[in-house]
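Q: Got a structure here, written out as structure tokens. Questions coming.
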């Protein structure tokens, strides 16, 4: 079997209509949205049902052809991109877009892998429920990709990661058999919890085709504040102050360094600074409640008053009205785009325990400045989960290529520091291609050995999304 | 190596003080608290550290001796009991009782496997936090057992099972190597999430020696009501009514059939009926809030008023004061003990989707009455999670032995019905010895094959808690 034979094989399996082989048609499947990753493929196949997915996987297995499952193609680590050989098959789930059911009594939704995250949020809302996963790419990322990468985002503080939101899965195994684990049960202790293997495995152990997800009572009131902070320590202290007063109504807590906000103010149309003074750090704090008229503004103001008293907060604004709320979130969510105007962005997505954040930021910033004086550090993220996006821009006016050439060295600086605080070098983006080798230096050998054992158990020939997650041998 | 050689081997490994070999000393380790399970052992070994656990496991592996990990010995399915051969070694974690740390900023607690659940609750409370796992045996069950069985209980509705509360694990693998996965991270997507393998595996894949667990903001106000209901459908409708009004302040929702309450009223000192009329079902509804003075009584009363209007509730009492709250919980928690006075109890612990509860109860009750006319059905449980304890007592005045002889047949009736509603035959008790064979009839072969593959991967000689969870070959 050569790459040239693959289209004929797949045509037999799922028919001409589900197959793309011309370069123009395959284009959007072979480059990601940022143009950061690209690959080649013998074909892109778009099965319309679980049975068709299984047939494709079986056919490819028999022919010894590798399969690369792909969702919304919004991943940041190249996890759904084929290699450059042109011998792999991209299995896109984009035709599996059916919401199989929403049950507001069970508080569950059953969705196929290709359903866009926002559609799930909307289907839940239509039944008076909340699906709490929320990320920047929610208008284009898909449930299958969210599951494969155990997606995080801004709702994790209160509702957990995608793994925590998953009750059941349907998976096509690497040998083409279908595992129907689509259970809608809140409790089930009848042996090993197999679905946990597939969540976060980035398609290396099988193709997730559908899931039963948890819903929650709808949120009916919110309060949002923008807070100026003297330091990362103040950010951590502010979490404590707000939580002591507001308990688990605290559902969002994002931080941004001044450098991050500067870039947004410079490049985002209409963005404006909320305060007369410049502050080194900012927090976006969100309270929410499932009751309407829950008095959240007053609660948040009381929390901020306490924060001023303790000199944790330097200045603050509680948003009045949805336009101001949107403006505050735009400041936070505009960082990634704004950074692109300043040259190449080197991105790192790390977690450390929340209490370690202040020492971690201090040590990492110092080490980065030592490695490249003048480097601009764009740190922001979900500090309530200990998760920072530790992104880097070149010193102002310096050369792009020279900065890009330092990518590996600078990543080492961030990861070594993360590791010294018992942190994770990939909080929510996964390993994909980009971190599969570097992880070998930060994870103990026993853990890698167990991972390899599981891979071999489920995929002995190694044809399911090869070259991802597991370090090269 | 014979059973007689085992004590000498372990004496060399951990010393005389950690070893029990006399029958009197071993007694409490070889019978469970209900006297439902018993076994024999070559020795009971009580290591005092993770390294000692590893040394014991290594020594036993080398000698070809099976190891049975044991926590508080409160399990209901015989999962921590050795077989009757006298050749197995019980590895008790009861000397590993150290709380290694509590961090109210990270909202984490790190506890060794032998720490009693209540001690973890108390250590969290001392720091102004909540550890939400709560079960009947919390004064004697241990964290290791809670993890091994993925324990549930009354807090799952809001806070999830033990799996959901776990951030990191330390595990001695079946070959005696120590896996240090004690991470305190809220987000970590760097490969397969190995800790998920060990949670709920009932000690068949290794010995959990310590864990990092999630804490939550402390609960500062509560409201509790006892509600009379015309039917299981009314119970499900009541959840909807209360949730629509109170959102995620609804943190407990237990139901009991009249038969369950009757037994408590008959056998529990001081128990009294709350209502003049007899009702077929009752619910215990709890709201809680992390704010003090959160107006929960008023909210609960408004919910109940709505329930009366819709004829969902027949009668209700909102508890005033902690004594009445305790009395209501005593009615609920006294069921299991009260049932013992009525002869043998055949216990079943099942889940179905919440919306299926009414049809499930009707079909199961009818089938049970057909199988044994006059059978007394003691149904109660955590209906908010779809979890019912479907327990059975003999027809009044009939023979104990005849009833016991029907145990298998009656279990089949309950499990067949559960299965027909896509439910689970073990919601929160695990499989242990008692359900390891019956599960083969209710779980698909592919899932059992994957479970066996994982077992072989981690424990090729099958010496780690053999005879549990996995069906006999």
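Q: Residue B:158: part of a helix (DSSP H, G or I), modelled with pLDDT under 95 and surrounded by fewer than 20 Cβ atoms within 10 Å (Cβ to Cβ), yes or no?
A: On the way: part of a helix (DSSP H, G or I): yes; modelled with pLDDT under 95: yes; surrounded by fewer than 20 Cβ atoms within 10 Å (Cβ to Cβ): yes.
When the stated conditions are applied, residue B:158 passes them.
Q: Right, residue A:135: under 12 Å from the mean Cα position of the chain (by Cα) and free of Cβ contacts under 8 Å to residues at least 24 places away in the same chain or not? Spell out the reasoning first.
A: Details: under 12 Å from the mean Cα position of the chain (by Cα): yes; free of Cβ contacts under 8 Å to residues at least 24 places away in the same chain: yes.
For residue A:135, the condition - under 12 Å from the mean Cα position of the chain (by Cα) and free of Cβ contacts under 8 Å to residues at least 24 places away in the same chain - is met.
Q: Follow-up question, since we're still on this one. Exactly one of (1) surrounded by fewer than 24 Cβ atoms within 10 Å (Cβ to Cβ); (2) under 30 Å from residue B:356 (Cβ atoms); (3) in contact with a helix residue (DSSP H, G or I) (Cβ under 9 Å, 6 or more places away or on another chain) is unmet by residue A:140. Its number?
A: Unmet for residue A:140, out of (1) surrounded by fewer than 24 Cβ atoms within 10 Å (Cβ to Cβ); (2) under 30 Å from residue B:356 (Cβ atoms); (3) in contact with a helix residue (DSSP H, G or I) (Cβ under 9 Å, 6 or more places away or on another chain): (2).
Q: Does region B:206-225 contain any residue that is surrounded by fewer than 21 Cβ atoms within 10 Å (Cβ to Cβ), at the interface with another protein chain (Cβ under 8 Å from one of its Cβ atoms) and more than 24 Å from the chain's Cα centre (by Cα)?
A: Among the residues of region B:206-225, at least one is surrounded by fewer than 21 Cβ atoms within 10 Å (Cβ to Cβ), at the interface with another protein chain (Cβ under 8 Å from one of its Cβ atoms) and more than 24 Å from the chain's Cα centre (by Cα), which makes the answer yes.
Q: Follow-up question, since we're still on this one. Looking at the structure I just gave you, is residue B:417 within 11 Å of another protein chain (Cβ to nearest Cβ) and within 30 Å of residue B:250 (Cα to Cα)?
A: Numbers: within 11 Å of another protein chain (Cβ to nearest Cβ): no; within 30 Å of residue B:250 (Cα to Cα): yes.
So residue B:417 fails the test.
Q: For region B:1-29, name all the residues that are in contact with a helix residue (DSSP H, G or I) (Cβ under 7 Å, 6 or more places away or on another chain) and part of a loop (DSSP other than H, G, I, E, B).
A: B:1, B:21
Q: Name the single residue that is nearest to the chain's Cα centre (by Cα) among those in region A:292-305 being surrounded by fewer than 18 Cβ atoms within 10 Å (Cβ to Cβ) and within 14 Å of chain B (Cβ to nearest Cβ). Talk me through it step by step, then tell me what you get.
A: We begin by selecting, within region A:292-305, every residue surrounded by fewer than 18 Cβ atoms within 10 Å (Cβ to Cβ); these are A:292-293, A:295, A:297-298, A:301-302, A:305.
Still in the list and also within 14 Å of chain B (Cβ to nearest Cβ): A:292-293, A:295, A:298, A:302.
Numbers: A:292: 30, A:293: 32, A:295: 32, A:298: 33, A:302: 33 Å.
Only one residue tops the list, namely A:292.
Q: Would you list the strands (runs of 3 or more DSSP E) that sit entirely within region A:324-438 and hold 1 or more residues that are more than 19 Å from the chain's Cα centre (by Cα) and surrounded by 15 or more Cβ atoms within 10 Å (Cβ to Cβ)? If you could, list the steps in order and put the result at the bottom.
A: Values: elements: A:349-351, A:376-382, A:387-393.
In region A:324-438, A:376-382, A:387-393 are the strands (runs of 3 or more DSSP E) which contain 1 or more residues that are more than 19 Å from the chain's Cα centre (by Cα) and surrounded by 15 or more Cβ atoms within 10 Å (Cβ to Cβ).
Q: Which condition does residue B:177 not pass, out of (1) under 23 Å from residue B:82 (Cα atoms); (2) crowded, with 23+ Cβ neighbours inside 10 Å; (3) touching a helix residue (DSSP H, G or I) at 6+ places or on another chain (Cβ under 7 Å); (4) at the interface with chain A (Cβ under 8 Å from one of its Cβ atoms), if it passes all the others?
A: Answer for residue B:177: the failing condition is (2).
Q: Right, next: When residues of region A:227-248 are filtered for being closer than 20 Å to residue A:289 by Cβ and in contact with a helix residue (DSSP H, G or I) (Cβ under 7 Å, 6 or more places away or on another chain), how many remain?
A: Total meeting the criteria: 8.
Q: Restricting attention to region A:445-457, does a residue exist that is at pLDDT 95 or above, away from chain B (no Cβ under 13 Å), surrounded by fewer than 18 Cβ atoms within 10 Å (Cβ to Cβ) and in contact with a helix residue (DSSP H, G or I) (Cβ under 8 Å, 6 or more places away or on another chain)?
A: Taking every residue of region A:445-457 in turn, none turns out to be at pLDDT 95 or above, away from chain B (no Cβ under 13 Å), surrounded by fewer than 18 Cβ atoms within 10 Å (Cβ to Cβ) and in contact with a helix residue (DSSP H, G or I) (Cβ under 8 Å, 6 or more places away or on another chain).
The values are calculated or read from the model by the stated rules, or taken from the named source; none is laboratory data. Please read these numbers as outputs of a predicted model, since none were measured by experiment. Because the Cβ atoms are built from the backbone with ideal geometry, glycine has one as well, and the counts that use them run over all protein chains shown.
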